[in-house]
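The values are calculated or read from the model by the stated rules, or taken from the named source; none is laboratory data. The shown structure was predicted, so the numbers you read here are calculated from the model rather than taken from an experiment. Methodologically, a virtual Cβ is constructed for each residue, glycine included, from the backbone with ideal geometry; neighbour enumeration extends over all protein chains shown. Surface areas here come from the heavy atoms of the whole protein model, side chains and all, with no ligands, DNA or RNA. Shrake-Rupley method; radii C 1.70, N 1.55, O 1.52, S 1.80 Å.
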Amino acid sequence: MKRDIFQAIADPTRRAILVLVSTTALTPNAIAEQFKTTRQAVSKHIKVLNECDLLEEKKLGREIYYQLKIDKMKEVDQWMEQFKKIWESRFSQLDQVLMNLKSKENEI
């Protein structure tokens, strides 16, 4: 079953796992060692990330290594881009207001 990618990033533990595996491939045990929770709980988070197709799974011998599929994060980036444009516009407007206030202050 495929899940919505936003389900994966909604949880802080899953976001932390994504950060961990963004730079290097890690085993489930190596990931679990980074959290104050059970190995089973971390496995459930890994399962959700897999169902969202955010993790690349590599088997080396008996070990499984997980690494971030960075291309899947583009979906989140594209969704966030619309808000980025709105906030940039608002910050530009705020800059203009502050410049106007500062120029009026200098006139006094």
Problem - Conditions (1) loosely packed, with under 11 Cβ neighbours inside 10 Å; (2) on the phi > 0 side of the Ramachandran plot; number of the one not met by Asp53 - result: (1)
Fill in the blank from the handout: Residue count, segment 12-50, condition within 25 Å of Trp79 (Cβ to Cβ), in contact (Cβ under 8 Å) with a residue 24 or more places away in the chain and either among the polar types (S, T, N, Q) or open to solvent by 40 Å² or more (accessible area, probe 1.4 Å) (or both), comes to 2
Problem - Matching residues, segment 52-78, being free of Cβ contacts under 8 Å to residues at least 12 places away in the same chain, within 19 Å of Ser22 (Cβ to Cβ) and among the charged types (D, E, K, R) - result: Glu57, Asp71, Lys74, Asp77
Practice task
Can you tell me which residue within segment 48-62, out of those that are more than 12 Å from Arg14 (Cβ to Cβ) and in contact with a helix residue (DSSP H, G or I) (Cβ under 9 Å, 6 or more places away or on another chain), is modelled with the lowest pLDDT?
Solution key: Asp53
Fill in the blank from the handout: Reported set for segment 63-74 where residues are open to solvent by less than 80 Å² (accessible area, probe 1.4 Å) and either assigned to a helix (DSSP H, G or I) or polar (S, T, N, Q) (or both) is Gln67, Lys72, Met73
Problem - Cβ-Cβ under 6 Å pairs, at least 6 apart or on other chains, segment 79-108 side over 29 Å from Ile9 (Cβ atoms), far side open to solvent by 90 Å² or more (accessible area, probe 1.4 Å) - result: none
Handout entry: Residue list for segment 8-47, restricted to those being within 15 Å of Leu68 (Cβ to Cβ), of a type in the set (A, V, I, L, M) and at pLDDT 95 or above
Key = Ala16, Ile17, Leu18, Val19, Leu20, Val21, Ala25, Leu26, Ala30, Ile31, Ile46
Handout entry: Unique residue being farther than 17 Å from Arg3 by Cβ and acidic (Asp, Glu) when the list is Glu56, Glu51, Glu81, Glu75
Key = Glu81
